[in-house]
Amino acid sequence: DGKLFTDPTFAARWKDAGRHRLPRGAYHFARPSHPVRAQADHFLEVVQAAGFHAGDTWALDLEHDEGQGPGRLVDWADRWIAQVRAELGGVGLFYSRPGFITGEMGRPDHIPGGALTWMARYNKDVLSPWQGLQRPAAFPDPPAVWQRTDGKDGRTKSVASVGLCDYN
């Protein structure tokens, strides 16, 4: 979260997932009103100290505009993803919700940084995260990951040593 906060349970959970040979991914909650480089540096420092390695994945979570306009949001995300990709490799994921992409981000003509898309849309009545919305042409349907619920699957569940998690 931003350039200062780190989930205090991250390092232990990261290590535990690696010990159990589970796929691992880390995400950064963006604060686009603050400098991009400092936030990317912070993210890189945290995941590298935890033991990030080839095969792990990373994501940028952009959900709030913090008073930034569409062009600035897209540029900020492009730069964060480019810096993290240059250091960690991989394609990475861009996480947001369709309404934010078509609203605050102004329907961008590309997925930030060329990342894969991870969409969040919690609506049991839709068959696509873009249903009923004007999907920007660059954003695939379906996305690489769709975080959702149908009222049964995708609801939170308590997982031992982790807490509440979305599941399917």
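The values are calculated or read from the model by the stated rules, or taken from the named source; none is laboratory data. Quick caveat, the model's predicted, so the values are computed rather than measured. Here the Cβ is made from the backbone with ideal geometry for all residues, glycine too, and neighbour counts use every protein chain on show. Remember, those area values only see protein heavy atoms, side chains included, never the ligands or the DNA or RNA. Shrake-Rupley method; radii C 1.70, N 1.55, O 1.52, S 1.80 Å.
Among the listed residues Asp65, Asp78, Asp41, which satisfies the condition of being within 13 Å of Gly92 (Cα to Cα) and among the acidic types (Asp, Glu)?
Numbers: Asp65 fails: within 13 Å of Gly92 (Cα to Cα); Asp41 fails: within 13 Å of Gly92 (Cα to Cα).
Unique residue meeting the criteria: Asp78.
Can you tell me which of Gly2, Gly51 is farther than 20 Å from Glu63 by Cβ and not β-branched (Val, Ile, Thr)? Walk me through how you get there before you give the answer.
Working: Gly2 fails: farther than 20 Å from Glu63 by Cβ.
One residue alone meets the criteria, Gly51.
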Q) Listed residues Leu4, Leu93, Leu62; which is exposed (fewer than 13 other Cβ atoms within 10 Å of the Cβ) and either among the hydrophobic types (A, V, I, L, M, F, W, C) or in contact with a Lys or Arg (Cβ under 8 Å, 6 or more places away or on another chain) (or both)? A) Leu4
Q: Please go through the range 130-143 and pick out each residue that is over 13 Å from Pro108 (Cα atoms) and open to solvent by 60 Å² or more (accessible area, probe 1.4 Å).
A: Gln131, Gly132, Leu133, Asp141, Pro142
Q. What is the one condition in (1) modelled with pLDDT under 95; (2) over 20 Å from Trp76 (Cα atoms) that Tyr27 does not satisfy?
A. (2)
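For the range 27-42, give me each residue that is closer than 17 Å to Ser96 by Cβ and free of Cβ contacts under 8 Å to residues at least 60 places away in the same chain.
Within the range 27-42, the first condition is being closer than 17 Å to Ser96 by Cβ, and the residues that meet it are 27-33, 36, 39.
Selection gives His28, Phe29, Ala30, Arg31, Pro32, Ser33, Val36, Gln39.
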Q: Filter the range 34-59 for residues that are open to solvent by less than 50 Å² (accessible area, probe 1.4 Å) and not aromatic (Phe, Trp, Tyr) and give the result.
A: Val36, Ala38, Gln39, Ala40, His42, Leu44, Val46, Val47, Ala50, Gly51, Asp56, Ala59
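Being of a type in the set (Gly, Ala, Ser), open to solvent by 30 Å² or more (accessible area, probe 1.4 Å) and in a loop (DSSP other than H, G, I, E, B) is the requirement here; does Gly99 meet it? Full working, then the answer.
Numbers: of a type in the set (Gly, Ala, Ser): yes; open to solvent by 30 Å² or more (accessible area, probe 1.4 Å): yes; in a loop (DSSP other than H, G, I, E, B): no.
Answer is no for this residue.
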Q) Can we say Trp14 is buried (at least 17 other Cβ atoms within 10 Å of the Cβ), within 15 Å of Gln83 (Cα to Cα) and in contact (Cβ under 8 Å) with a residue 12 or more places away in the chain? A) no
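Conditions tested, residue by residue: (1) under 15 Å from the mean Cα position of the chain (by Cα); (2) at pLDDT 95 or above.
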| position | (1), (2) |
| --- | --- |
| Ser33 | no, yes |
| Val46 | no, yes |
| His53 | no, no |
| Leu62 | yes, yes |
| Arg79 | yes, yes |
| Glu87 | no, yes |
| Val91 | yes, no |
| Ser96 | yes, yes |
| Ile111 | yes, yes |
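Of all residues in the range 113-138 being assigned to a loop (DSSP other than H, G, I, E, B) and touching a strand residue (DSSP E or B) at 6+ places or on another chain (Cβ under 6 Å), which is modelled with the highest pLDDT?
Step one: filter the range 113-138 for residues assigned to a loop (DSSP other than H, G, I, E, B), giving 115, 121-138.
Still in the list and also touching a strand residue (DSSP E or B) at 6+ places or on another chain (Cβ under 6 Å): 115, 129.
On the way: Ala115: 97, Pro129: 90.
Within the range 113-138, the match that is modelled with the highest pLDDT is Ala115.
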Q. In the range 36-74, what residues are under 26 Å from Leu22 (Cα atoms) and touching a Gly at 6+ places or on another chain (Cβ under 8 Å)?
A. His42, Gly51, Ala54, Asp56, Thr57, Trp58, Ala59, Leu60
